[in-house]
Structure formats: C-alpha cells, structure tokens
Amino acid sequence: MKAIVANTLIDGEVVYWNAGVWVTRFGQAQLFAEDEVAESALAKANQPTSVVDCYVIDVAEEEDGYAPTAYRERIKALGPQNHPQHGKQADGGHDIDLIKQAHGIARSAGRHALIKLKK
C-alpha cells in the first residue's frame, strides 16, 4: 500500500493526500494499492499549491489498520517529537496508537534494499 505525504508551506505541518485535498492525520490519508495509481495521484497532488516536498510512502497493514513502514514516516505522522504532550500525539486517537505500536524498517525501502545488497 502507498500514501502521499507533503509539508505545508506556511508552518511545515505534515499533511496527507485524500482524494484532492490535504488532511493533517495519517488515519485520514487515501491509500493506494498500486504504484501506478499512487504515482498518478502524486502528479495531481504535486501541482502548485500550499504544500512542498510531495512524495509517495510505503504503508503496511498492522493488526487493526495501516501505518507507515519507514520509521521516519512514523515519526512525521506522530507530529513533533520534542514532547508527547505536543502535536498529534497529544490529540491521540486510534491512528496515533497504531503508529506508535507499528513495526517496520528504520530507513526508506530504497535505502534498505541498497543496504541488503551490500551485505
């Protein structure tokens, strides 16, 4: 599965693509089963708007939903990491609990594949 992530220009908030609009919670993100569909949606999302750095991320199915695969993306989805009482962690919710308990690779899938090849 895939999702599209970006940052807002005004405050750098992490946002996710959902059928033509940007949402602030990972739990609201539109998920794509096929790479081609995700890339097509990325082209639409990447039009000049109020966001920067749009890209597709890998998403894995967990016991009770979906969570970003890469550790970096899980950190971004949780919000500021300076203190758990700030940002999205303070708001809580099912998607936040799921991301906190998710397992996955520490690096992006591409970087992880390169590391495996070097071994």
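The values are calculated or read from the model by the stated rules, or taken from the named source; none is laboratory data. None of the values given here were measured: they were computed from a predicted structure. Virtual Cβ from ideal backbone geometry, glycine too; neighbours counted across all protein chains shown.
For the reader, a short list of remarks on this structure follows.
- Matching residues in region 84-106 - criterion: being surrounded by 16 or more Cβ atoms within 10 Å (Cβ to Cβ), over 16 Å from Thr24 (Cα atoms) and modelled with pLDDT under 75: Gly104, Ile105
- Between Ala41, Ala60, Ala67, the distinction of being touching a Phe, Trp or Tyr at 6+ places or on another chain (Cβ under 9 Å), of a type in the set (A, V, I, L, M) and at pLDDT 90 or above belongs to Ala41 only.
- The set of residues from region 8-50 being closer than 15 Å to Glu73 by Cα and among the small types (Gly, Ala, Ser) comprises Gly12, Gly27, Ala29.
- Number of residues in region 6-47 that are among the aliphatic types (A, V, I, L, M) and in contact (Cβ under 8 Å) with a residue 60 or more places away in the chain equals 1.
- Filtered residues of region 24-34 (kept if surrounded by 12 or more Cβ atoms within 10 Å (Cβ to Cβ) and either among the aromatic types (Phe, Trp, Tyr) or more than 11 Å from the chain's Cα centre (by Cα) (or both)): Phe26, Phe32
- If you go through region 14-68 and keep only what is within 18 Å of Asp97 (Cα to Cα), in a loop (DSSP other than H, G, I, E, B) and of a type in the set (S, T, N, Q), you end up with just Thr24.
- With respect to (1) at pLDDT 85 or above; (2) assigned to a helix (DSSP H, G or I), the lone exception for Ile75 is condition (1).
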